[in-house]
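Input: a single structure, listed below in structure tokens.
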Amino acid sequence: MRGILWEDTAAEPPLSAPAFAGEAACSVAVIGGGYAGLSAALHLAGQGTDCCLLEAGSVGAGASGRNNGQVIPGLKLAPDALEERYGDAGAAVVETASGAADRVFELIERHAIACEPDRRGWLRAAHSGVALASVEKLARAWQARGAPVDLLDAGATAQALGSDFYLGGLLDRRAGRLQPLAYCRGLARAARAAGARLHEQSPVLSLRREGGCWLLETARGRLTAEAVILAVGAYGERLWPGWSRTYIAVQSMQLASAPLSDNLRAAVMPGASAMSDTRKLANAIRLDAAGRVCIAGRGPLSGRLDAGVVRQLQGGLTRLFPALAEAAWSHAWPGRVAITRDELPRLAAPAPGLYGIVGFNGRGVAMATALGRAAAAPALGRPAGFPVVPSAPVPLHRLRRPLLAAAVSYYRLRDGLGLASR
Ligand SMILES: Cc1cc2nc3c(=O)[nH]c(=O)nc-3n(C[C@H](O)[C@H](O)[C@H](O)COP(=O)(O)OP(=O)(O)OC[C@H]3O[C@@H](n4cnc5c(N)ncnc54)[C@H](O)[C@@H]3O)c2cc1C
């Protein structure tokens, strides 16, 4: 089996940006070439800010080039819960989250990014009666805010999905899907065209305050900046003290089929771009433009991709679509997701002039793009439009592996009992 499907099918070519070398200065340095960092660089450069982005590998080397490509607006909490959680800033958070998918599709159009956008909505399917009640509540909360979210009964869900496995669902028409690596490369191309200086194969090895500025060191160069945006997702260990303790990196795996026959292709998700269900340990499923089915799910803590993981993902799919038992599987690959305890992302300021963005909890295509844009504002000394919080470690972070293992068993039990997740 081959590795990352998106590397084989991206219409946007690799960026091929030069490695950073020598001495340079800029107003804002961005660390990390995923959606968060690239969106920040694009918005900074678009406002005429002198900005320089350093990426350890190639653009999209992290989760942004590996994910399932579902463009889902909103956060894991319902809009009313977000308003309660964030108080005065609640309305701005809901607006940012609600409009996050719109912003992605606008960027794709404005910059003519060749990333197979498909906007027929995201289906959240209810696996139990309790889950259905929570889906109904969520749909009503969004409908009350004028969002194009439809509540589907069991028959309509079966029609949209091509499977009668579920009791009902919610179809969020703000949502869609895209080719994740191509979107990432397109953002990079747009950021560079707007004037951002981009460097690949340039891991930042140290970051510190020196003489009133930030100093970033790579193997071959030194960059000084007035402000820094740290956008290293779940892929940046130890660059800033304590930063990697503010989230937990969880392994996720994906499996893609060879292009399905026309009959099968028409039978899988005919009425939605993408789906996931209400189980906490849910799978995310979509087709790509060539009719391959692609499923993402939880991976082993070791991060090793083995036959057991592949079988588990295949089982998840064939339970919904028995006809896919005949499908041929061509690609499998791992990726890391940064999760937070409250399932909310962070725009944090761990030090003056240093802004970190992390914790999209599997909703980063839309939300990392949104928070990258939001982080550009405080880096220029302007209000962010999203709460900037102090960076706080996840309690008992040292024990995350045994705690994660226990959490997986606990959630498997809850899922089996039909309890709802967010
Ligand atoms: C299997 C999988 C499926 C997913 N499916 C979906 C989905 O369908 N929909 C959705 O919304 N979200 C999904 N996600 C989550 C989504 O991919 C992420 O939330 C999002 O890509 C995070 O973007 P980012 O820019 O914060 O981080 P990343 O994309 O991880 O980028 C961080 C970058 O920082 C670089 N870096 C790290 N350290 C350094 C350093 N010292 N110097 C320079 N660069 C450094 C890395 O190389 C990396 O490129 C999924 C994730 C996975 C893994």
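The table that follows gives values for the structure above.
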quantity	calculated
Inter-centroid distance (Cα atoms) of the range 9-53 relative to the range 321-352, Å	23 Å
Fluctuation leader among 145, 189, 173 - the chain, Gaussian network, Cα springs under 10 angstrom	145
Kyte-Doolittle mean at least -1.0 and Cα axial length at least 27 Å: DSSP H helices in the chain	none
Note, ³J(HN,Hα) from phi for the range 196-205, Karplus 6.51, -1.76, 1.60, rounded to Hz, x at Gly and Pro	6, 8, 10, 10, 9, 6, 9, x, 7, 9
Sorted by Cβ neighbour density within 10 Å, fewest at the top, the residues 106, 83	106, 83
Spin-label pair residue 88/residue 343, simplified geometry with 7 Å Cα→Cβ offset, distance in nm	2.9 nm
Sorted by Cβ neighbour density within 10 Å, fewest at the top, the residues 277, 342	342, 277
Estimated inter-spin distance, residue 263 and residue 208, nm [label 7 Å along Cα→Cβ]	6.7 nm
Residue among 372, 385, 315 with the largest mean-square fluctuation in a Gaussian network model of the chain, springs linking Cα atoms under 10 Å	315
Choice from 20, 165, 386 showing the highest fluctuation, given a GNM over the chain with Cα pairs closer than 10 Å	165
Under-5 Å amide H pairs with residue 71, H placed in peptide plane, nonlocal only	176, 177, 178
For residue 25, residues with placed amide H under 5 Å, excluding near neighbours	224
At q = 0.07, 0.08 Å⁻¹, base-10 log of I(q)/I(0) for the chain (Debye sum, equal scatterers on each alpha carbon)	-0.31, -0.41
DSSP beta bridge pairing in the chain, given as percent antiparallel to the nearest 5	65 percent
Relative contact order computed over the chain (Cα-Cα under 8 Å; 6+ residues apart), in percent	25 percent
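None of the figures in this text is laboratory data; all of them are computed from the coordinates on show. Since we're looking at a predicted model, the values are computed, not measured. Please note: Cβ atoms are built from the backbone with ideal geometry, for glycine as well, and neighbour counts cover all protein chains shown.
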